[in-house]
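I have placed the structure first, in the form of structure tokens, so that the comments after it can refer back to it.
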Protein chains: 2
Amino acid sequence: MANGTQFTIGEIASRAGVAASAIRYYESIGLLPERERGQRRDDDSVLGRLAFIGVAQSAGFKLPEIKELVGEIDDGSGMSASMRVLSARKLDEVEELLVRTRAMKGWLEVAKECGCASPDECSLFPDQGEGVADPAAALELVHVAGRDCRRP
Amino acid sequence: MANGTQFTIGEIASRAGVAASAIRYYESIGLLPERERGQRRDDDSVLGRLAFIGVAQSAGFKLPEIKELVGEIDDGSGMSASMRVLSARKLDEVEELLVRTRAMKGWLEVAKECGCASPDECSLFPDQGEGVADPAAALELVHVAGRDCRRP
DNA sequence: GTCGGCGCTCAAGTGGGCTTGAAGTCAAGC
DNA sequence: GCTTGACTTCAAGCCCACTTGAGCGCCGAC
């Protein structure tokens, strides 16, 4: 991958599909190696690193976590240890997100057809007399209520 | 629901399960009606409004959108017009989120078992020789590759 | 030699939804 | 009257991943 050809940061940025300012930011937080001061050129090995960052970000990793991963790769200890731990943790988060997202979807499908004039007459918004339930839990109730949100 | 009993903001907050500072913030952005200055009491009608806000937020609406909804309720024109439009738009977003979340989940399930020492030997991170694909699209490729991420 | 374009650094700004801090006010109980 | 504690205001801070702006340097082409 790294063939030694030199590029300016602008060229790297457009090939990688990120902004040059983002690359400088990654350097500043240690996600990409610090380079010499002054105008400079990089070889295209940084492209691979940027691709790694992009995929890891899409998978839900935050930059500090990605930094941890690249640290392990760079110090030769191999990425798999952190990779497994971080992925397992992320997977829990993502599964939770999936549940929440599905609940949102169900709620919104009903809301899209809602003809109620106020929350008081609409089962999408449970009444709040005393004590308060988890608002997120209210999204689930819609499934029970069916497709019509008007209170019986 | 509103029975005229008066509460301090702290009481309202603990009943509604939100912080008092959040209630003040909602007032400041016009999501709750502005009240007189000085120490004051609210009746519990604000509880219903807070519940509405909570459910709408869980469904994915942002505060400015919720403000639009409560505006329609309060001016007597009924909430259904905005509700339908906003919900339909949100539904599109949420469906997209659902697709992305499922892709993340698939990727992470493979990553959790990954034993690769570097991204170069791992199909979770596609090689980045020339040109760059959408990083999010790389998450999908894993499904094709199966459960083993080691490059063939 | 001079012009345009890209590069550099550092600081500050963005958005969303709040929280936190400082400093002051009020009400109830002793 | 005094203390205590809950309440009040307003401004500033936080998180995250960058972007934007100011003010300057360097390089190649004409």
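The values are calculated or read from the model by the stated rules, or taken from the named source; none is laboratory data. Note that this is a predicted model, so its numbers are computed, not measured. All Cβ positions, even for glycine, are placed from backbone atoms using ideal geometry, and neighbour counts span all protein chains on display.
Selection of segment B:74-99 for residues being modelled with pLDDT of 90 or more and surrounded by 19 or more Cβ atoms within 10 Å (Cβ to Cβ) yields B:M83, B:L86, B:S87, B:K90, B:L91, B:V94.
For A:E68, the criteria (1) part of a loop (DSSP other than H, G, I, E, B); (2) farther than 28 Å from B:L91 by Cβ hold in every case but one, which is (1). Across segment A:88-103, the qualifying residues are those that are more than 13 Å from the chain's Cα centre (by Cα) and touching a residue at least 12 places away in the same chain (Cβ under 8 Å), and the one among them that is farthest from B:L139 (Cα to Cα) is A:A103.
Would you confirm whether or not segment A:127-134 contains a residue that is within 30 Å of B:A117 (Cα to Cα) and either facing another protein chain (nearest Cβ under 7 Å) or modelled with pLDDT of 95 or more (or both)? Taking every residue of segment A:127-134 in turn, none turns out to be within 30 Å of B:A117 (Cα to Cα) and either facing another protein chain (nearest Cβ under 7 Å) or modelled with pLDDT of 95 or more (or both). With respect to A:S82, is the statement that it is under 16 Å from the mean Cα position of the chain (by Cα) and polar (S, T, N, Q) true? Here the answer is no, as A:S82 does not meet what is asked. Scanning segment A:77-104 for residues that are more than 7 Å from chain B (Cβ to nearest Cβ) and hydroxyl-bearing (S, T, Y) yields A:S77, A:S82. Taking residues in segment B:4-31 that are over 18 Å from B:A51 (Cβ atoms), and partners anywhere that are loosely packed, with under 14 Cβ neighbours inside 10 Å, the pairs with Cβ atoms closer than 7 Å and at least 6 places apart or on different chains are B:Q6/B:R41; B:T8/B:R41.
Restricted to segment A:11-25, and to residues there that are part of a helix (DSSP H, G or I) and within 11 Å of DNA strand D (Cβ to nearest atom), the residue that is nearest to the other protein chains (Cβ to nearest Cβ) is A:A13.
Restricted to segment B:53-68, and to residues there that are more than 8 Å from DNA strand C (Cβ to nearest atom) and surrounded by 20 or more Cβ atoms within 10 Å (Cβ to Cβ), the residue that is farthest from the other protein chains (Cβ to nearest Cβ) is B:I66.
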